[in-house]
């Protein structure tokens, strides 16, 4: 039994007991949590904006695969955090948000910053609870953490009213850390899924964000080798599989390379693991032959799409694929001589490869992958022959300079979307990626990068963003600098909100009297002078690679680095040139591709 002199003392003890290394947030002005943390090892990243604090927490959760904790005040502090919670829900980040609340005796009296916070936040979280009595606090902490990490990961919310500030809290048993529980599908659905897999001659394996954890990577590759499946990922599924694998064909939907669309037109089975099949992932699926089955594997019933025929398998993806692999009994790729290949590595001549299933389809997929890579190299060579800096060249400089185990944290603006298009950017065999969910909140990636870096250890973290997103975040640039979180920010300066300016141009050309962008040369107001910050401005091709090297060197010294690169508004990624608003009518760009 343990007695605490107030709720926040109990919370601080719980966080230490479950191994919480860092807490993000902007606490209420009673500062009770900070007092409770004074003698604890838990780090506190104190932000200037609650939304950024939640974004950072989400980044930490996505990179670590564990629970992140964020603390905010009440009333407007919570409403400012809601966009971050929405994004955490969309990305599937295991996040516990703890907020202050009006004391029970003052509810309904127009108390200072009084707000019905539960009603506001309940639609955005897996569980929301207001702790009215000190006896319920320990239970609520353990339940919230368990729900955040189990099933489909997501945010949870606890409200700690002011009357618990000094209320005695008694813990009657040892703290229980949240443990992830996995479950296998029932035998009937497993068997039906396996029947479809065995019958398929042209399968596609689609990997979603639910398979991000690194321990899944080898299983995914083994399954692709065993079935001859072409591998695609959703945006949030990137980093779950080795992108150097011979069957990896890039992202699906909105970000699909034109040369690889043939695979979707000819497939006879899609196996979607850990994906909700949201709009951006399924864009262009009308090209799939009607009636083609889609086998979906998900841990939550709400994660299934009902728009496609096929089996819906409720269970954990890793366990499901392992069960299928045992049944398939595949020895892996072979060379014509019968010698077993190293997993994921084929000889220079792919025609020498024999798979026990669907060799012809696998060779088609590999051939199209190679064609897309050649086309991208040709396109990049054309870009290099021009005077201005192209975004693909910036990505190439990052790839050349930054170590291969880097983690790219992305926004979803008009030009940073280039980073979603394989093979213009690849995570390779060792790299990672963190992206916004389908809500694509502006500023998510820039702020989340700080949390990603704290979870990533020695791995370099690069935030790839537009100037619009960076300016939304910049109130907390000083926070990241003062905290000594060495993120490399590559900021594409096109003068403003490129996506909105692009939409305006599609409708009105240059005749509109409105504008969302200005001269990039005058858009330099984010500069901060601080010994812990390195600022590099790149305006010409000749200094691009050197600018990235200088920024990386600063990060290796423990500094934050901002590499601002001036780009043009008309540098639009392939497939996005004709995209308008939510309809996302992707038309393949004829320029530079």
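Laboratory data are not the source of any read-out in this text; all were calculated from the coordinates shown. The shown structure was predicted, so the numbers you read here are calculated from the model rather than taken from an experiment. Here Cβ is always computed from backbone atoms with ideal geometry, including for glycine, and neighbour counts include all displayed protein chains.
Sorting 451-462, 35-46, 294-305 by average packing, meaning the other beta carbons within 10 Å per residue, from highest down gives 451-462, 294-305, 35-46.
Highest mean packing comes first when the peptides 473-483, 538-548 are listed by Cβ atoms within 10 Å, giving 473-483, 538-548. Rounded if a/c is under 1.5, else prolate if a/b is larger than b/c, else oblate: which is region 2-171, with a ≥ b ≥ c the root eigenvalues of its Cα gyration tensor? Rounded. Angle of helix 76-91 to the longest C-alpha principal axis of the chain, folded into 0 to 90 degrees and rounded to 10: 30°. Computing FRET efficiency as 1/(1 + (r/R0)^6) for residue 198 and residue 173, where r is the C-beta to C-beta distance and R0 is 56 Å, gives about 0.70. If every alpha-carbon in the chain counts as one equal scatterer, what log10 I(q)/I(0) does Debye give at q = 0.06 1/Å? These q points yield log10 I(q)/I(0) values of -0.32.
Taking all Cα pairs closer than 8 Å and separated by 6 or more residues, the relative contact order of the chain comes to 13 percent. Label-to-label distance, residue 17 versus residue 34, with points set 7 angstrom from Cα along the beta-carbon direction: 2.6 nm. The angle between the Cα long axis of helix 187-199 and the main principal axis of the chain comes to about 30°, on a 0 to 90 degree scale.
If the chain linking residue 371 and residue 5 were pulled fully straight, counting 0.36 nm for each residue of separation and taking away their Cα-Cα distance, it would gain 125.1 nm.
Only helices enter the 222 nm calculation for the chain: every DSSP H run of n ≥ 4 contributes -39,500 (n - 2.57), and dividing by all residues gives -10000 deg cm²/dmol, rounded to 500. The label-point distance for residue 139 and residue 322, in a model that sets each label 7 Å from Cα toward Cβ, rounds to 3.4 nm. Comparing Cα centroids, region 407-440 and region 226-300 end up 16 angstrom apart.
Set the Förster distance to 45 Å, then compute FRET efficiency between residue 286 and residue 359 from the Cβ-Cβ distance, nearest 0.05. E(calc), rounded to 0.05, equals 0.95. When you count the other C-beta atoms within 10 angstrom of each residue and take the mean per peptide, 394-404, 70-80 line up highest first as 70-80, 394-404.
Estimated from the Cβ-Cβ distance and a Förster radius of 35 angstrom, the FRET efficiency linking residue 438 and residue 541 is about 0.50. Taking square-rooted eigenvalues a ≥ b ≥ c of the alpha carbon gyration tensor, is region 197-329 rounded, prolate or oblate, where a/c under 1.5 means rounded and, failing that, a/b exceeding b/c means prolate? Rounded.
Of the residues 157, 60, 535, 420, the one with the fewest other Cβ atoms within 10 Å heads the list, and the complete ranking is 535, 420, 157, 60. For the chain, the longest principal axis of the Cα atoms and the long axis of helix 50-64 meet at an angle of about 50 degrees.
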